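The values are calculated or read from the model by the stated rules, or taken from the named source; none is laboratory data. All values reported here derive from a predicted model rather than from experimental measurement. Backbone-built Cβ (ideal geometry, glycine too); neighbour counts: all protein chains shown.
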Amino acid sequence: MRLTSRPARYAAAFAAFGVVLTGCSSEAGNQASEQEADSSASVNTEASFEAGTTMAELNEAGTITIGTKYDQPGFGLLNPDGTPEGFDVEIAKIVAGELGIAPEDITWTETVSANREPFIQNGQVDLVVATYTINDTRKQSVDFAGPYYVAGQDIMVAAGNPEGIEGPDDLAGKTVCSVEGSTPAQNIRDNYPQANLVTYDVYSKCADDLTNGNVQAVTTDNVILTGLVAGNPDGFELVGNPFTEEPYGIGLALGDTEFRDFVNDVLEDSFEDGRWAEAWDRTAGAITGEDAPEPPTVDRY
């Protein structure tokens, strides 16, 4: 992937998570705050819904609680003023806006890979937008709208790739880091058992271990790794050989079909009217230097 100088805007936020950065600007915090002030979301002040639906309840309350990641540059990263930013965050704002809820009325909750289903099931969040791969196992516990993006599992290594890792088969005998509760971690356990897998709750700890030489590789979705590489281009590189498909969905309570249909409608509208592409260009696209891809087809299962 082509990287640009624009990742400097994320420098202060990376540093808060202990991720090593190079070339940081003193204006990074201001740039991140300016990005947060912009949004692809407009607020539908005339939104109205059938009584008794989740949409009506949220609209009447005027607030929504949304879970997202806090350590994934480009998708969900806590910026210096304490609010999250990224593509997932913008997608969440678009959905909230169609409920008549402004960005400042969203309550953000950090969700790591392992607690996304419990947070939904326990009612701690109304939605989870957090690089959340749709799969059949998770569908037994929660419902999904989307996908709104399709990533692929890849591998990040130290700059120069001293171990010569070109794909998952090369992880045999290597110590590789991922996050507990993620599909990439489970894929390594199930299909590449000769790798020595270590897991944490967040990917920034994996990045620290790679920097310190405690692991030889980090594996997760390519867009997440691209953000980490952008934060330390002199220390990390992406192998660039995706070996899975990871359709990202919006998680919500199991059986709430009306709410799922509503979120799917919002996603499809955002695909068509340009809000989705605008959100990409200002967040993940600002890190990768790549234009927005074609949006995926929503799966109304």
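Of the residues that sit in the range 248-269 and are of a type in the set (A, V, I, L, M, F, W, C) and in contact with a strand residue (DSSP E or B) (Cβ under 6 Å, 6 or more places away or on another chain), which one is farthest from Phe87 (Cα to Cα)?
Applying the filter and picking the extreme gives Leu254.
Sort out which residues of the range 77-105 are touching a residue at least 40 places away in the same chain (Cβ under 8 Å), under 17 Å from Gly231 (Cβ atoms) and either surrounded by fewer than 20 Cβ atoms within 10 Å (Cβ to Cβ) or in contact with a Leu (Cβ under 7 Å, 6 or more places away or on another chain) (or both), and write them in order of number.
Pro80, Glu85, Gly86 - these are the residues of the range 77-105 that are touching a residue at least 40 places away in the same chain (Cβ under 8 Å), under 17 Å from Gly231 (Cβ atoms) and either surrounded by fewer than 20 Cβ atoms within 10 Å (Cβ to Cβ) or in contact with a Leu (Cβ under 7 Å, 6 or more places away or on another chain) (or both).
When you go through (1) farther than 27 Å from Glu278 by Cα; (2) over 20 Å from the mean Cα position of the chain (by Cα); (3) of a type in the set (A, V, I, L, M, F, W, C) one by one for Phe119, which number turns out not to apply?
(2)
Considering only residues that are surrounded by fewer than 19 Cβ atoms within 10 Å (Cβ to Cβ) and of a type in the set (Ser, Thr, Tyr), look in the range 110-157 and name the one that is farthest from Asp221 (Cα to Cα).
The residue in question is Ser141.
Go through the range 151-191 and report how many residues are out of contact with any Phe, Trp or Tyr (no Cβ under 9 Å at 6 or more places or on another chain) and of a type in the set (D, E, K, R).
6
Mind checking which pairs have a first residue in the range 42-53 that is within 20 Å of Gly274 (Cα to Cα) and without any contact (Cβ under 8 Å) to a residue 24 or more places away in the chain and a second that is surrounded by 14 or more Cβ atoms within 10 Å (Cβ to Cβ) and hydroxyl-bearing (Ser, Thr, Tyr), Cβ under 6 Å, 6 or more apart or different chains?
none
Quick one: would you say Ile188 is part of a helix (DSSP H, G or I), in contact with a strand residue (DSSP E or B) (Cβ under 6 Å, 6 or more places away or on another chain) and hydrophobic (A, V, I, L, M, F, W, C)?
In short, yes.
With respect to Thr131, is the statement that it is over 30 Å from Gly213 (Cβ atoms) and either at pLDDT 95 or above or in a helix (DSSP H, G or I) (or both) true?
No; evaluated as a whole, the condition is false for this residue.
Show me the helices (runs of 4 or more DSSP H) found entirely inside the range 257-301 where at least 2 residues are modelled with pLDDT of 95 or more, out of contact with any Phe, Trp or Tyr (no Cβ under 7 Å at 6 or more places or on another chain) and surrounded by 13 or more Cβ atoms within 10 Å (Cβ to Cβ).
Filter on the range 257-301 gives 257-273, 275-282.
For the range 204-220: of the residues being out of contact with any Cys (no Cβ under 6 Å at 6 or more places or on another chain) and either among the β-branched types (Val, Ile, Thr) or farther than 16 Å from Glu237 by Cβ (or both), which is surrounded by the most Cβ atoms within 10 Å (Cβ to Cβ)?
If we take residues in the range 204-220 being out of contact with any Cys (no Cβ under 6 Å at 6 or more places or on another chain) and either among the β-branched types (Val, Ile, Thr) or farther than 16 Å from Glu237 by Cβ (or both), then Thr219 is surrounded by the most Cβ atoms within 10 Å (Cβ to Cβ).
Taking Val198, is it among the aliphatic types (A, V, I, L, M), surrounded by fewer than 19 Cβ atoms within 10 Å (Cβ to Cβ) and modelled with pLDDT of 95 or more?
yes
Just one of Gly213, Gly274 is assigned by TED's automatic domain parsing to the domain that holds Leu58 and out of contact with any Pro (no Cβ under 9 Å at 6 or more places or on another chain); which is it?
Gly274
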